[in-house]
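Each remark here refers to the structure printed beneath this line.
The values are calculated or read from the model by the stated rules, or taken from the named source; none is laboratory data. Quantities reported herein were computed from a predicted structural model and do not represent experimental measurements. Glycine gets a Cβ as well: all are built from the backbone with ideal geometry, and neighbour counts include every protein chain shown. To get the accessible areas, we keep the full protein, side chains included, count just its heavy atoms, and leave off ligands, DNA and RNA. Shrake-Rupley method; radii C 1.70, N 1.55, O 1.52, S 1.80 Å.
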Amino acid sequence: MNDPSPVTQPARSEAKVHGSLPQALAAELAELERDGLWRRRRLLETPQGARVRVDGRDYIAFCSNDYLGLAASPELVEAAREGAARYGVGAGASHLVLGHSTAHGELERRLAEFTGLPRALLFSTGYQANLGVVTALLGRADGVFADRLNHASLNDAALLSRADFRRYPHLDLAALEQLLERARARRKLIVTDAVFSMDGDVAPVRELVALAERHDAWLLLDDAHGFGVMGPQGRGVLARSGVRSPRVIYMATLGKAAGVFGAFVAGEADVLEALVQRARAYIYTTAAPPLLAHVLLKSLDLIRGGEERRDQLRRLARRLQECLRLERWNLAPSESAIQPLIIGANHEAVAVSEALAGTGLLVPAIRPPTVPQGTARLRISLSAAHSIHDVERLAASLNEIERALPRSHADSGPQAGAHAPGR
């Protein structure tokens, strides 16, 4: 069904909370733990990688977005030393004051070249990039049209822009077209993940571009999880689609497959200049350290020449799918490095994650509001640094845990929040 109504914040419980504000907050936190929604941080004691030491114990980790295994690569570590020696460790100012170094400028030039788009602009994070694009280009008279499973940053950006915010069912292009046809917005912007961060499926870029052109709209494509992994030479989902259009605004992050930190937006020169002049998330923040831009120049070289790493990711995904023998849980279809194992109940997903940790395997349990209610899951993140044996061990452990773990009843109590996937 279509979702013609604007997104609103989730309604809060009508139950009266007695006592002081601290007591009310404590009650809310206790409710999170009761509903299986409590999150705990682990302490990573080693560089990021397929094998890590966490909280004093060694694990094989299927947790990070370091898809190509570059985060601790010797080449990037050496580039960091070079960058620190040349540029120091801090930018010291925003890009528009005195923080925009030659390293930033060269990286923007190389990113535009790599993606095949006219111009690129660096942001400190993907969250800031999405906020910057949407709020700089849209206002109250405009409209945002978003896939229901988009990343939280796209939803927050739409809300902050004050534009009319409409969501369509996941990948339902017929519903999207109906919304576009009915809209009377001054400007229209379609926003979508390219690779959906909790499901691993890929947006139909060609069809989305065609809709944008037919309905005089822009298309913001968030390729956080496709850049470096998909497309020729890892150039991303847009390059994989073979589509070129001035309607496309392309965003990708640099702390996942690229192994470092940051994000960029690429597209038409006028769109990018509008971001320089208007994007508050760009204007009012200190530039990322130039040494990181220097490291990312090396990372782009490794991505360009990283076909063996991408082949390894494909081999690992195939082997995982071949080895799982599950009856209750479902490995969702995904051709990406993200392999979601749908468990269902929050407490059961946590129990499976904890059982795996007991065998030396780290796989995070993802629960609402990051995913829809009733779809708690393990988000298995593959890296080119994993071996086939690592994946076989994970599959064997999951097969055994499913047989041993009693079937969980549905979680009781309300589940907080609306769907807003996190990275």
For this session: Would you work out which of Leu208, Val271, Thr253 lies farthest towards the positive end of the dipole of segment 187-308, given +1 charges on the beta-carbon of Lys and Arg and -1 on that of Asp and Glu, about the Cα centre?
Result: Val271
Exercise. Rounded to whole Å and sorted largest first, what semi-axes of the equivalent ellipsoid does the C-alpha gyration tensor of segment 150-273 yield via the square root of 5 times each eigenvalue?
Worked result: 23, 15, 15
Seminar exercise, completed: With only helices counted (DSSP H, runs n ≥ 4, each -39500 (n - 2.57)), the per-residue ellipticity at 222 nm for the chain, to the nearest 500, works out to -12000 deg cm²/dmol
Seminar exercise, completed: Rg/Rh over Cα atoms for segment 13-86, Kirkwood Rh, comes to 1.26
Seminar exercise, completed: Rh_Kirkwood(segment 290-380) over Cα pairs, Å, one decimal, evaluates to 15.2 Å
Exercise. Across the Cα atoms of segment 51-205, what radius of gyration and what greatest pairwise Cα-Cα distance (Dmax) are found, in Å?
Worked result: 19.8, 58
Seminar exercise, completed: In whole percent, the fraction of accessible protein surface over the chain that belongs to carbon or sulfur atoms, probe radius 1.4 Å, stands at 53 percent
Problem set entry | Cα point-scatterer Debye curve for the chain, base-10 log of I(q)/I(0) at q = 0.12 Å⁻¹ | -1.06
Problem set entry | Taking only Cα atoms of segment 284-327, radius of gyration then Dmax in Å | 18.0, 52
Exercise. Mind checking Rg over Rh on segment 87-127, alpha carbons, Kirkwood formula for Rh?
Worked result: 1.00
Problem set entry | Enclosed volume per residue, in Å³, of the convex hull spanned by Cα atoms of segment 308-350 | 75 Å³
Problem set entry | For segment 238-363, projected area of the alpha-carbon convex hull averaged over all directions, nm² | 12.0 nm²
For this session: For segment 129-178, just the Cα atoms, rotate onto the principal axes and tell me the three extents in Å, largest first.
Result: 28, 22, 12
Exercise. Which value, in Å², gives the accessible area per residue of the chain when a 1.4 Å probe is used on the protein heavy atoms?
Worked result: 44 Å²
For this session: Express in whole angstrom the spacing between the alpha-carbon centres of segment 126-168 and segment 286-312.
Result: 28 Å
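Of all alpha-carbon pairs in segment 100-157, indicate the percentage at a distance above 16 angstrom.
Here the long-distance tail beyond 16 Å is 57 percent of all Cα pairs in segment 100-157.
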For this session: Take the Cα gyration tensor of segment 255-308, multiply each eigenvalue by 5, square-root it, and list the three semi-axes largest first, rounded to whole angstrom.
Result: 25, 15, 8
